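The structure appears right after this line, and notes come after that.
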Amino acid sequence: MFCPNCGLQIQDGTKFCPSCGTPIAPISAEPQTEPTPQPTPEPKPEPKPEPKPEPKVEPKPEPKVEPEKEEPLEEYAAPNSLEKTLAVEAYLGILVLAPLFGAKQSRFDRFHTNQGLILFALSFALSILVFFNAVILAAITFKTGFFFNAIRVIFILLNGLYSIAGCGVTALCVIGIINALKGKMKKLPIIGKFKILKEK
């Protein structure tokens, strides 16, 4: 070490300089270091709460309505002779009233009575149409004579159409009678899908 005043080299631990007498301050072996200030941590911003999604309301499924299963109508469990007789009468015009009121508990007879009522209503309507057509045609003939004209031709054609329709109704009645005699509950063409009476 050296004297700070005169610069004389002196031994370590000497308190005064031997040349100029300047007091020598003791030098610590390890220099004191000032503590470095630690940076204060910045406060972290609090996370904003995320908005909760609104629960989705799913529409309730509509209940499926299954169509009623219809029982096969081809065969009937052994109808007796009385039931067959009443079923045949259902296709014989006004005699349809017999099974209508006399066989209310028989499913076989009510099935054929339903078809017989439809055929009876059709034949009755055709009879009225034929009657009025004949009356109008007779009036035209009486007024104009037997001369050929368009009006007479129209009513003659209508009379022919009514006759064809009547033949169709008669054919359906025959088919219904055959099915009734065989003990079958078979729907007739065209009219079989219509129901007037409820089956029991």
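The values are calculated or read from the model by the stated rules, or taken from the named source; none is laboratory data. Keep in mind the model is a prediction, meaning the values are calculated, not measured. Here Cβ is always computed from backbone atoms with ideal geometry, including for glycine, and neighbour counts include all displayed protein chains.
Quickly run through the range 148-170 and pick out the residues that are under 47 Å from the mean Cα position of the chain (by Cα) and small (Gly, Ala, Ser).
Correct list: 160, 163, 165, 166, 168.
One residue is enough: does the range 82-91 have a residue meeting the conditions within 30 Å of residue 189 (Cα to Cα), modelled with pLDDT under 70 and among the charged types (D, E, K, R)?
No, the range 82-91 contains no residue that is within 30 Å of residue 189 (Cα to Cα), modelled with pLDDT under 70 and among the charged types (D, E, K, R).
So, residue 63, is that one over 36 Å from the mean Cα position of the chain (by Cα), outside any helix (DSSP H, G or I) and either modelled with pLDDT of 85 or more or not acidic (Asp, Glu) (or both) or not?
no
Identify all residues within the range 104-138 that are small (Gly, Ala, Ser) and under 19 Å from residue 188 (Cβ atoms); write none if there are none.
Across the range 104-138, the qualifying residues are 106, 116, 121, 123, 125.
Can you confirm whether residue 128 is at pLDDT 80 or above, part of a helix (DSSP H, G or I), more than 41 Å from the chain's Cα centre (by Cα) and closer than 21 Å to residue 97 by Cα?
Criteria met by residue 128.
Among (1) exposed (fewer than 15 other Cβ atoms within 10 Å of the Cβ); (2) at pLDDT below 90; (3) out of contact with any Lys or Arg (no Cβ under 9 Å at 6 or more places or on another chain), where does residue 170 come up short?
So residue 170 meets the others, but not (2).
Please work out if residue 76 is touching a helix residue (DSSP H, G or I) at 6+ places or on another chain (Cβ under 7 Å), under 30 Å from residue 123 (Cβ atoms) and modelled with pLDDT under 65.
yes
If you take the residues in the range 78-95 that are assigned to a helix (DSSP H, G or I) and among the aliphatic types (A, V, I, L, M), which one is surrounded by the fewest Cβ atoms within 10 Å (Cβ to Cβ)?
For the range 78-95, the residue satisfying everything is 94.
State whether the residues of the range 99-111 include one that is aromatic (Phe, Trp, Tyr) and in contact with a Pro (Cβ under 6 Å, 6 or more places away or on another chain).
yes
Which numbered condition in (1) out of contact with any Leu (no Cβ under 6 Å at 6 or more places or on another chain); (2) assigned to a helix (DSSP H, G or I) is the only one that residue 172 fails?
(1)
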